[in-house]
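Q: Questions regarding the structure given below will be posed in turn.
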Amino acid sequence: MNIHKQIAASVLTAPIMILYFLGIFMTGCTAIQSDSNQAKSRVVEPAPDTAFIEHPELQQQPTDLPFQKVWIKPDFDKSRYQELIVAPVNTQYMFEMDWLHKASSASWFNDVKKDIEELAVYFHDQVVKAFKEDPNHRFKVIESIDQRQQPALRLELALIEINPSTPVLHAAGWLTLGGGTAAGAINKRRAAFEARLRDLQTDEIVATFADRDMQDVGPLDLTRLTWYGPTKGIMDRWAKQFVEVANRKPDEVVTDPTAFTLRPF
């Protein structure tokens, strides 16, 4: 009889314990979300600099912007500009990632290369879409410098990192313990970009910024089934943030969503 009581108690206790720990987790998430810029800096390290930005040492980590590295020319006044060109996204630094280089002899390398180019087009198009759908109409998006009628900026973006997932490493035969960057990055679901903002009248770079971000973490994430699965969600968030920063008022803080949410998919 005592055994039956113990079993019954265990059955009743298990759901309670699950709800208890779930409550703790949700409370922790709420705390992180309330201070998301600082939370992100503790969880996601900035990506290494590339040659896309000529003087990365000038960049600093801001507390009022959602990007990890930012430099703005001291006399830059964004209110002077009314038009924006979004240049095609640069991908040359993506091909310097060590996991991709080491796996370059695999039969699927050309498919991965094609995926990278498609992601670059997707990133470009999402940024253009975000600015065109901006209810404040902060910038008029133009396709080329020939269309310029007012002072204009060009946003130049470079994709510099997309982490591989477990399936793609298995396919490459390169999933080993301590196997370099790729083995350490499995399912971290990170992506990184660098950007330059150029004055089209003077051809001068007036700002640079860079960010590495992580897709939302959930107990079950089906986007892991493709190596680039989480990346589009990160790009969507970046596109939205570009518009928020463009519309930002003096002293306004633009926060970055926390990388931690509790969701089944």
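Q: In region 122-136, what residues are without any contact (Cβ under 8 Å) to a residue 24 or more places away in the chain and loosely packed, with under 12 Cβ neighbours inside 10 Å?
A: Passing the criteria: Glu133, Pro135.
Q: Out of (1) polar (S, T, N, Q); (2) more than 18 Å from the chain's Cα centre (by Cα); (3) modelled with pLDDT of 95 or more, what's the single condition that is false for Ser105?
A: Going through (1) polar (S, T, N, Q); (2) more than 18 Å from the chain's Cα centre (by Cα); (3) modelled with pLDDT of 95 or more one by one, Ser105 breaks only (3).
Q: Quick one: how many residues across region 61-73 are at pLDDT below 95 and surrounded by fewer than 17 Cβ atoms within 10 Å (Cβ to Cβ)?
A: So the answer is 3.
Q: Suppose we keep only residues that are among the basic types (Lys, Arg) and either in contact with a Cys (Cβ under 7 Å, 6 or more places away or on another chain) or surrounded by fewer than 17 Cβ atoms within 10 Å (Cβ to Cβ) (or both) within region 139-155. Which one would you say is modelled with the highest pLDDT?
A: The qualifying residue modelled with the highest pLDDT is Lys140.
Q: Starting from residues that are buried (at least 16 other Cβ atoms within 10 Å of the Cβ) and not in a loop (DSSP other than H, G, I, E, B), keep the ones in region 37-56 and report whichever is modelled with the lowest pLDDT.
A: Going through the qualifying residues, I end up with Asn37.
Results for (1) outside any loop (DSSP other than H, G, I, E, B); (2) within 24 Å of Asp77 (Cβ to Cβ); (3) outside the structural domain of Ile53 (by TED's automatic domain parsing); (4) modelled with pLDDT under 95, shown as yes or no for each residue.
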{"position": "Glu118", "(1), (2), (3), (4)": "yes, no, no, yes"}
{"position": "Gln126", "(1), (2), (3), (4)": "yes, no, no, no"}
{"position": "Ala130", "(1), (2), (3), (4)": "yes, yes, no, no"}
{"position": "Asp134", "(1), (2), (3), (4)": "no, yes, no, no"}
{"position": "His137", "(1), (2), (3), (4)": "no, yes, no, no"}
{"position": "Leu157", "(1), (2), (3), (4)": "yes, yes, no, no"}
{"position": "Glu161", "(1), (2), (3), (4)": "yes, no, no, yes"}
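Q: Now for a separate question. Between a first residue in region 68-91 that is farther than 20 Å from Leu159 by Cα and a second residue that is part of a strand (DSSP E or B) and of a type in the set (A, V, I, L, M), which pairs have beta carbons less than 7 Å apart while being 6 or more apart in sequence or on different chains?
A: Matching pairs, first to second residue: Ile72/Ala207; Lys73/Val206; Lys73/Ala207; Phe76/Val206; Phe76/Ala207; Tyr81/Ala152; Tyr81/Leu153; Glu83/Ala152.
Q: Report yes if some residue within region 165-181 is modelled with pLDDT of 60 or more and in contact with a Lys or Arg (Cβ under 8 Å, 6 or more places away or on another chain); otherwise report no.
A: No.
The values are calculated or read from the model by the stated rules, or taken from the named source; none is laboratory data. Computed from a prediction, not measured in an experiment: that's the story for all the values here. Backbone-built Cβ (ideal geometry, glycine too); neighbour counts: all protein chains shown.
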